[in-house]
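Working notes for the structure below.
The values are calculated or read from the model by the stated rules, or taken from the named source; none is laboratory data. The shown structure was predicted, so the numbers you read here are calculated from the model rather than taken from an experiment. Here the Cβ positions follow ideal geometry from the backbone for every residue, glycine too, while neighbour counts run over all protein chains shown. Heads up: the accessible areas ignore ligands, DNA and RNA and are worked out on the full protein's heavy atoms, side chains in. Shrake-Rupley method; radii C 1.70, N 1.55, O 1.52, S 1.80 Å.
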Amino acid sequence: MRRIHEKSKETNSVEELAEQIHSVFVQSFKKEFDKSIEECRLIAEKIINVTK
């Protein structure tokens, strides 16, 4: 989760943050993580809106 937090401080790009979220969760949870990149974009938008 630290990588997601750090990336959210470094970027205003929803796309970049969504890719980071997706990557971190796929690596952490493997097949158990079944969310799409589109779902991660929604999360990224919320994070960026709260932190900026």
Could you give the dipole magnitude of the chain about its Cα centre, charging the beta-carbon of Lys and Arg +1 and that of Asp and Glu -1, in debye to the nearest 20? 220
For the chain, what does the accessible surface come to per residue with a 1.4 Å probe? Please give it in Å². 75
Helix 37-51 axis, angle to the chain major axis (alpha carbon atoms, nearest 10°): 30
Could you give me the percent of Cα pairs per 5 Å distance bin for the chain, shortest bin first, beginning at zero and ending with the bin that holds the maximum distance? 4, 25, 33, 23, 11, 3, 0
Environment charge of GLU39, counting only residues whose C-beta is closer than 12 Å and scoring Lys/Arg +1, Asp/Glu -1: 0
Mind grabbing the accessible area of GLU32 for me, 1.4 Å probe, Å², rounded to tens? 150
